[in-house]
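Data block below; observations after.
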Amino acid sequence: MAVERTNRDIKTLIGQIADGEIMLPEIQRGYVWRASQVAKLVESMYLGYPAGTLLLWKTDEGAETRTAAIGSGQGLPSVMPLYLLDGQQRLTSLYRVFNDHATAQIVFNIETEAFQNQSNATLRSPKWIKVYDVVGPDADPFALQMQLRSAGLSIDGSEIGRRLKALEAISQRDFHMEVLHGFSYEEVTQIFVRVNSGGRPLKTTDLAMATLSARSPGFLGELEKESARWAELGYRAVDANFLIKAITLSLSISGKRTSSVSRLTTASPESVAEGWGQVRRGLERVVPLLREQLLVPTTALTSSVTPLHPLIVFYGRLAAGAIVDPEVEKGLLYWFLAASGSNRYAGATDSALTQDVNALDSDEPVRALLANLRLDEKGFSVTARDLSGRNIQSPYIMLSYLAAAHSGAEDWWAGGPISITAEGTDKLQYSTLHPAAQLRNHANKYTSAEINELANIVFVSPQTAKNMIGNRSPAEYIREVQAEDLAAHAVPTDPRVLEADGFRDFLVARRELLAERISALLERFRPAFIDKGVASDLRAEETPRRSLMLTGFAAGSRTLLLAEAQAGTQHWVGRIDTAELDAALDAAASGLDSDVTVAGETTPLRGDEDGVTLPVGPFKLRGTVDHWRLALKDAFSDALPAADCPEAESPTWIGETEEFLLTDIGVQRA
């Protein structure tokens with residue numbers, strides 16, 4: 001065994017990737033970098049900062065590989081390929097930039113020497129040039145320099161030339177390489193785990209995947225094939241990580257089930273194979289059940305896919321073709337709705353998941369599952385009060401959609417059943433009933449939180465939003481919709497609430513109608529052992545008043561994010577540095593922790609397998625990276641002038657903080 005140390009420039013490395021001389025072993029994870037991270041990498045290369053070391057493996061054995069995310073196929077190598085163990089995100093990013101990949105359109109400001117992803121603003125400005133136009137194979141630096149000299153820039157021609165040469169020189173930057181010779185696949189797997197734990201930390205699912213790949217080459221390919229199969233049906237969240245977790249839950253270790261993926265690394269190959277068979281059997285039953293009985297067309301609709309796991313375990317351990325009592329099946333779907341609607345897995349996911357999977361061993365699994373939610377006697381309910389302040393991040397988005405679907409709601413423009421996503425995508429499609437253009441700058445001073453409230457959302461196609469609703473008030477377009485379809489969509493028809501002046505009364509009326517529709521949905525699946533009419537509201541047991549609002553303020557490119565928190569009788573206000581938060585979320589997506597300035601204090605943003613947490617005043621604000629980005633998008637969708645942002649901030653919060661979910665932003669509880 002030996003370690004060869006050498007250097008190679010970027011242009012050569014990219015050529016080797018294209019020719020298939022550098023490949024990804026199966027143990028590698030997928031490409032996850034965002035465009036902002038790619039821009040920062042190119043900037044570092046431009047500034048001459050250290051680029052880090054690449055770790056590769058050379059072997060005479062054939063190794064299982066995975067497809068590189070470069071947007072094109074790789075050639076057939078004329079020599080034995082090198083397998084990239086560390087440096088995938090960096091090399092893939094540079095390959096994309098140097099080959100004009102659609103998601104790596106990095107541009108350079110010749111005046112400020114800033115880098116970012118292409119936007120409409122940079123397209124319109126002669127100061128921004130695409131990096132590919134300087135480093136690509138067809139680049140013409142002389143013509144580009146002449147073009148920039150005539151653009152009226154604040155720097156002279158010689159400085160333009162210097163900066164272009166520095167940008168062009170990126171392709172000649174060297175990476176230091178360490179190449180492993182004579183190591184076995186299992187040894188390389190251990191090295192991969194150790195090396196990556198110092199960079200983007202390996203999650204337990206990453207460790208499990210690497211271990212399984214070392215033991216059974218090709219197994220990860222099976223996982224990805226299974227994932228692709230369900231993605232075609234709209235269940236894209238059933239990815240390799242989800243399947244690894246499902247296998248773990250399907251194992252029986254020492255007579256007790258556990259959700260800790262780390263236990264998978266010690267399980268026997270026979271146990272893993274048995275668990276994998278159970279997962280596939282479970283998916284064969286669960287996905288059609290949700291699609292056909294519950295009308296859940298896509299996992300994009302769910303705030304969490306974790307509630308799928310107990311269902312998969314339940315059906316997976318049954319023999320193929322086994323018949324399930326219709327009352328039990330109905331009860332399982334009721335539990336799925338309740339677990340999703342009450343954010344069952346938003347906190348300590350592993351402990352809750354273990355508890356629920358163990359409940360399946362009960363003689364009455366539905367009752368046991370509902371008991372874990374404290375719903376085995378009184379059931380689950382959703383009231384108009386629960387819907388107040390909710391937006392599309394809320395778990396009630398799924399309940400609202402399903403309530404409309406089960407009521408036979410149709411699209412107002414195209415006709416036919418409503419669809420939550422455009423075909424082949426995970427992008428939710430919906431429209432506001434009262435258009436934002438009618439409500440912004442209104443004398444009643446409606447907030448962006450009110451405008452974007454779930455009670456102002458209707459599940460219709462973009463064609464309906466454009467051709468029927470547009471910028472018209474409901475009073476104008478509602479006469480074009482059939483009365484029964486308005487009822488199916490839970491749209492109030494009282495003329496007093498259909499104009500912008502009555503928008504707040506509209507929200508009150510629509511919450512009531514939505515709550516009625518959701519209650520009717522829940523009644524369809526309510527188990528017989530729950531007394532009718534005594535459903536409980538879990539939130540009613542919470543006595544302290546709690547609320548959190550995020551408001552965006554902007555002036556040109558300058559943005560401010562204000563957080564206002566209410567905890568009992570105490571009110572707290574503080575600013576969050578949006579640039580630091582955005583960078584921290586990029587890092588969190590790669591598994592790295594960062595600091596963010598909150599109310600003038602350095603505050604840690606920390607990630608784990610369940611999401612990302614940031615202390616904000618009295619709360620530990622928690623959600624996935626996607627939840628965070630949606631929250632920021634909502635906060636700045638109707639940004640207020642920066643001059644209106646309050647200067648006064650509350651002092652650092654002293655005392656205990658409690659968890660507050662991003663999906664609950666804007667909600668007040670009393």
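Taking amide H atoms as placed 1.01 Å from N in the peptide plane, the amide H of T65 lies under 5 Å from those of E26, each 5 or more residues away in sequence or on another chain.
Dipole size of the chain about its Cα centre, with +1 on Lys/Arg Cβ and -1 on Asp/Glu Cβ: approximately 320 debye, rounded to the nearest 20. Note on segment 447-489: Kirkwood hydrodynamic radius from all Cα pairs is 11.5 Å, rounded to one decimal.
So what's segment 1-146 giving for Rg/Rh, alpha carbon basis, Kirkwood Rh from the mean inverse pair distance? Ratio of gyration radius to Kirkwood radius: 1.00. Amide hydrogen proximity for L621: with H placed 1.01 Å from N in the peptide plane, the residues at 5 or more positions away or on another chain lying under 5 Å are L614, V616, F660. Modelled spin-label separation between K165 and E364, with each label point placed 7 Å from Cα along the Cα-to-Cβ direction: 8.3 nm.
Over the chain, DSSP H runs of length four or greater, each weighted -39,500 (n - 2.57), average out per residue to a 222 nm ellipticity of -11500 deg cm²/dmol. E499 sits with roughly 90 Å² accessible to a 1.4 Å probe, with DNA, RNA and ligands left out of the calculation. By the equivalent-ellipsoid construction on the alpha carbon gyration tensor, segment 61-192 comes out with semi-axes of 38, 15, 13 Å, ordered largest to smallest. The S268 and L318 beta-carbon pair, evaluated with R₀ = 30 Å, returns a calculated FRET efficiency of approximately 0.85. Extending 7 Å from the Cα toward the beta-carbon at both A300 and D100 defines two label points whose distance is 2.9 nm. Kirkwood analysis of the Cα pair distances in segment 259-405 returns a hydrodynamic radius of 16.3 Å.
Ignoring lysines fewer than eight residues from K620 along the same chain, the ones with Cα atoms less than 21 angstrom from its Cα are K633. At an R0 of 35 angstrom, the distance between the Cβ atoms of K466 and S650 translates into a FRET efficiency of 0.20.
Based on Cα contacts under 8 Å between residues 6+ apart, the chain shows a relative contact order of 11 percent. Here semi-axes √(5λ) of the Cα gyration tensor in Å was calculated from the structure, and among (i) 46, 30, 29; (ii) 44, 36, 23; (iii) 54, 31, 22 it sits at label (ii). Protein heavy-atom surface of the chain, 1.4 angstrom probe: 49% of the accessible area is carbon and sulfur, with nucleic acids and ligands not counted. Residues of segment 428-472 falling in the label zone of T421, defined by backbone nitrogen less than 11 Å from a point 7 Å along Cα to beta-carbon, are 428-429. For I457, nonlocal amide neighbours, meaning residues 5 or more places apart or on other chains whose placed amide H falls under 5 Å from its own, are L433. Solvent exposure of the chain amounts to 44 Å² per residue of accessible area, where only protein heavy atoms count and the probe is 1.4 Å. Using R₀ = 35 Å, calculate the FRET efficiency as 1/(1 + (r/R₀)^6) where r is the Cβ-Cβ separation of E186 and Q570; round to 0.05. After rounding to 0.05, the efficiency reads 0.05. Starting from the Cα of K378, draw a straight line to each of the lysines and keep only those under 30 Å, dropping any in the same chain fewer than 8 residues away. Those lysines meeting the cut-off are K256, K330, K532. Full extension of the chain between A642 and E178 gives 162.0 nm of extra length, using 0.36 nm per residue less the Cα-Cα distance. With 24 Å as the limit, the listed pairs K11/K130; K11/K40; K11/K58; K11/K225; K127/K466 have K11/K225; K127/K466 beyond it between alpha carbons.
The values are calculated or read from the model by the stated rules, or taken from the named source; none is laboratory data. Just so it is clear, the model here is predicted, and its values are computed rather than measured. Ideal geometry is used to build each Cβ from the backbone, glycine not excepted, and the neighbour counts take in all protein chains shown. For the accessible areas, the whole protein counts, side chains as well, though only heavy atoms, and no ligand, DNA or RNA atoms are used. Shrake-Rupley method; radii C 1.70, N 1.55, O 1.52, S 1.80 Å.
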